[in-house]
Amino acid sequence: GKFVLPKKAAMLLAKMKKYDDFCICYDEKRVMIETDDIAMSISLVDAKYPDYNKVFPSGTRPTALINRYMLINSIKKVAPFTNESSNMVRLSFSKDALVINAEDYDFGIGATDAFNVDYKGDDIAFGMKSSGLLKSLQIMKTDNLFMEFTDDSHAVTLTYESPDENDQVDILLMP
């Protein structure tokens, strides 16, 4: 079966991977997670699980190989200069380069930072909410990641190989 967990419950479940054995039981309204010394009862989100095949973009898309730490530091440098209500940064990719800038037109301030990435596609630029991008980057357990994109109106996918599970992890962000 399928169900949608609240964000906080999903974060707690991720922390429970240190336990060798735990049991997950659920019905249409609740999920129970039990270990030898912990029992949690969580109300499920009352929503239909989206068809991820329709959410994740398909086909060949431009891809950049990016050092995660450099991206985090660059966003942190320019984020204080974003508009408080939108919190948007602009990512501009060109051959082997990424330029990140933020502007607050209300106060006439802005900041720009750039660094080298492995990118061979056409020049492209799109905006993203800096806080959402930072949160996604900070939970990753990798030095480098792949960022796939199409244009400024389609989802961006962050992909990396998980060192713990030997699986590929995909994070979908909307521009």
TODO: Treating only the Cβ atoms of Lys and Arg (+1) and Asp and Glu (-1) as charged, compute the dipole magnitude of the chain about its Cα centre; round to the nearest 20 debye.
DONE: 240
TODO: Over 21 Å between C-alpha atoms is what I'm after, so list which of 7/76; 29/129; 76/141; 2/141 land there.
DONE: 7/76; 29/129; 2/141
TODO: Could you check how much of the accessible area of the chain is carbon and sulfur, as a whole percent, using a 1.4 Å probe?
DONE: 52
Task: Contact order relative to length of segment 58-104, as percent, for alpha carbon pairs under 8 angstrom and 6 or more apart - done: 31
Task: For segment 62-112, alpha-carbon Rg relative to the globular expectation (2.2 N^0.38 Å, N residues) - done: 1.20
- [ ] Could you compute the FRET efficiency for residue 123 and residue 84, with r as their C-beta to C-beta distance and R0 at 45 Å, rounded to 0.05?
- [x] 0.95
TODO: Sort the following peptides by mean Cβ neighbour count (other Cβ atoms within 10 Å, averaged over residues), highest first: 105-113, 129-137.
DONE: 129-137, 105-113
- [ ] Kindly report the accessible area of segment 88-175 per residue (heavy atoms of protein chains, probe 1.4 Å, no ligands, DNA or RNA), in Å².
- [x] 54
TODO: With a 10 Å radius around each residue's Cβ, average the other Cβ atoms per peptide and rank 147-159, 19-31, highest first.
DONE: 147-159, 19-31
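The values are calculated or read from the model by the stated rules, or taken from the named source; none is laboratory data. Just so it is clear, the model here is predicted, and its values are computed rather than measured. Because the Cβ atoms are built from the backbone with ideal geometry, glycine has one as well, and the counts that use them run over all protein chains shown. Note: areas computed on protein heavy atoms with side chains; ligands, DNA, RNA excluded. Shrake-Rupley method; radii C 1.70, N 1.55, O 1.52, S 1.80 Å.
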